[in-house]
Amino acid sequence: MLRYLSCLFTIIVADNGQHFYKESSECPGNLKWSTAATTIIGNGYGSGRDQLSLPTGLFIEPKTQILYVSDNSNNRIQKRYPNGEIQTAAGHSDGTGGSTPDTLGNPADVFADENENVFVADWENQRIQFWKKNAKTGETVAGNGTRGSALNEFSYPSRVLLDSKKNIIVADTQNERITRWPSTFDPKTSAGTIMAGGNGEGINPYQLNNPLGLYYDEPNETFYISNHDSHSITQWVIGDYEPRNIYAGIPGRYGNSSAQLFYPEGITLDQYGNLYIADCQNHRIQMFCPDSVSGITIAGTGKFGNSSHELGYPADVAFDSQLNLYVSDTFNSRIQKFERIQ
């Protein structure tokens, strides 16, 4: 377990400009979190309103601070209001799944706007679904519902987000690419544009490898992409001749050292440029400060467990407006909140 010490350590700067940090408080923002979490959703495994079944994607809408959860095996999206009230935002509240417009099939991720409309990465159904607030059914806004490699198809969409122009951006996992779709959808003509990847599966900086995490730094036109099967994070500057860098992890070499990852999934950045990774099979959340070659464990112990200090195959991370840390603790079927303490 990571112990937070009051003393400050000297930051060692390598000759190549990379930094080595020992504590999160040394990084930009001087942040610390409690190592013991509070469960905010997940009253045991199940399909009750306050229960979850293998949750994956997380999203906190910035204006409303509503927390959205992809309740994967319950085939639904749950939302938790700041007052603690929990409702179903998409799918059937009883967990019934399917491929009809009113159902979802193992949804992997969710994005929401301030009006409580949600966009869902409908994993098994090879589509992105849009559900208006309080709707009983969704509509397809990307993909055609069949698995394939054509630009109007997906092969297991794992992440979804919207840019400032309301274009839909999707991590098309087994097609090894990130695609952008227009805000208006025509099932006959709409198709995605490849924004990153599309060069086959591999460990080179210009290739992706089962991308299961995505963050878009729009002001800098940069994607951060977690390569699940090569245990690394790619920094992809948008543009045909822009750089692609391995930002964290060692491609093709999984492990539990501070420089390694083991099947990374969800990622996010804070306003200080620190990167956070759900290091799934290491049962921890890693923080990579800017230009750092190694990560800092800020949640989890590195071993599977279900105590307030432990995680079980975490799938995603998110922050609220106070930079409290939320973790989708997948195999414990709960959402954990680690309070910011500095």
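I'd like the distance between the alpha-carbon centres of region 32-76 and region 212-250, rounded to an integer number of Å.
Going from one Cα centre to the other spans 26 Å.
If R0 is 22 Å, what FRET efficiency do you get for VAL293 and ASN30 from their C-beta distance, rounded to 0.05?
0.60
Would you mind checking which residues have amide H under 5 Å from ASN167's amide H? H placed 1.01 Å from N; only 5 or more apart, or other chain.
Under 5 Å from the amide H of ASN167: no residue qualifies.
Under 14 Å from the Cβ of ASN204, count the other residues' Cβ atoms, weight Lys and Arg +1, Asp and Glu -1, and hand me the total.
Around ASN204, the surrounding residues sum to -2.
Springs between alpha-carbon atoms under 10 Å, Gaussian network over the chain: tell me which of ASN324, ASN106, ASN83 tops the mean-square fluctuations.
Among ASN324, ASN106, ASN83, the largest GNM mean-square fluctuation belongs to ASN83.
Place the peptides 298-304, 47-53, 147-153 in order of packing, highest mean first, counting for every residue the other Cβ atoms within 10 Å and averaging per peptide.
So the order, starting with the most tightly packed, is 298-304, 47-53, 147-153.
Given points 7 Å out from each Cα along the Cα-Cβ axis, report the GLU201 to LYS136 separation in nanometres with one decimal.
So the two model labels end up 4.2 nm from each other.
Taking the mean number of other Cβ atoms within 10 Å as a proxy for protection, how do you rank 110-123, 211-224, 84-97 from highest to lowest? Could the numbers behind the result be given before it?
Numbers: 110-123: 22.1, 211-224: 19.0, 84-97: 17.4.
So the peptides 110-123, 211-224, 84-97, ranked by packing, come out 110-123, 211-224, 84-97.
State the percentage of accessible surface on the chain attributable to carbon and sulfur atoms; use a 1.4 Å probe and exclude ligands, DNA and RNA.
Carbon with sulfur: 45 percent of the solvent-accessible area.
Round to the nearest 0.05 the FRET efficiency obtained for SER183 and SER99 when R0 = 22 Å and r is the Cβ-Cβ distance.
That gives a FRET efficiency of 0.35.
Based on the Kirkwood radius over alpha-carbon pairs, what value in µm²/s does the Stokes-Einstein equation return for the translational diffusion coefficient of region 158-220 at 10 °C and 1.306 mPa s?
My calculation gives 129 µm²/s for D.
Apply 1/(1 + (r/R0)^6) to the Cβ-Cβ distance of ALA259 and ARG340, taking R0 = 41 Å, and write down the FRET efficiency to the nearest 0.05.
0.95
Could you order the peptides 136-143, 170-177 from most to least packed, using the average number of other C-beta atoms within 10 Å per residue?
170-177, 136-143
For region 130-147, take each phi angle, set θ = phi - 60°, evaluate the Karplus expression 6.51 cos²θ - 1.76 cosθ + 1.60, and give the result in whole Hz per residue in order, putting x for glycine and proline.
Those phi angles translate into 10, 10, 6, 4, 6, 6, 9, 8, x, 10, 6, 10, 6, x, 10, x, 10, 7 Hz.
What are the trypsin sites (Lys or Arg not before Pro) within region 182-287 that DSSP puts in a loop, where the Cβ has at most 16 other Cβ atoms within 10 Å?
LYS188, ARG253
Please list, ordered by chain and number, the residues whose modelled amide H lies under 5 Å from the amide H of ARG284; skip anything fewer than 5 residues away on the same chain.
Here ASP279 satisfy the definition.
Roughly how many Å is it from the Cα centre of region 296-333 to that of region 94-166, as a whole number?
25 Å
Once all Cα-Cα distances of region 104-223 are split into 5 Å bins that start at 0, what whole-number percent is in each one?
Reading the bins upward from 0: 2, 12, 23, 26, 20, 11, 4, 1, 0.
What does the extension gain come out to for LYS63 and ILE194, with contour length at 0.36 nm per residue minus their alpha carbon separation?
Result for the pair: 44.2 nm of gain on full extension.
The values are calculated or read from the model by the stated rules, or taken from the named source; none is laboratory data. All figures in this text were calculated on a predicted structure; none of them were measured in a lab. In this analysis, Cβ positions are derived from the backbone assuming ideal geometry, glycine residues included, and neighbour counts consider all displayed protein chains. Side chains are part of the model used for accessible areas, which takes the heavy atoms of the whole protein and leaves out ligands, DNA and RNA. Shrake-Rupley method; radii C 1.70, N 1.55, O 1.52, S 1.80 Å.
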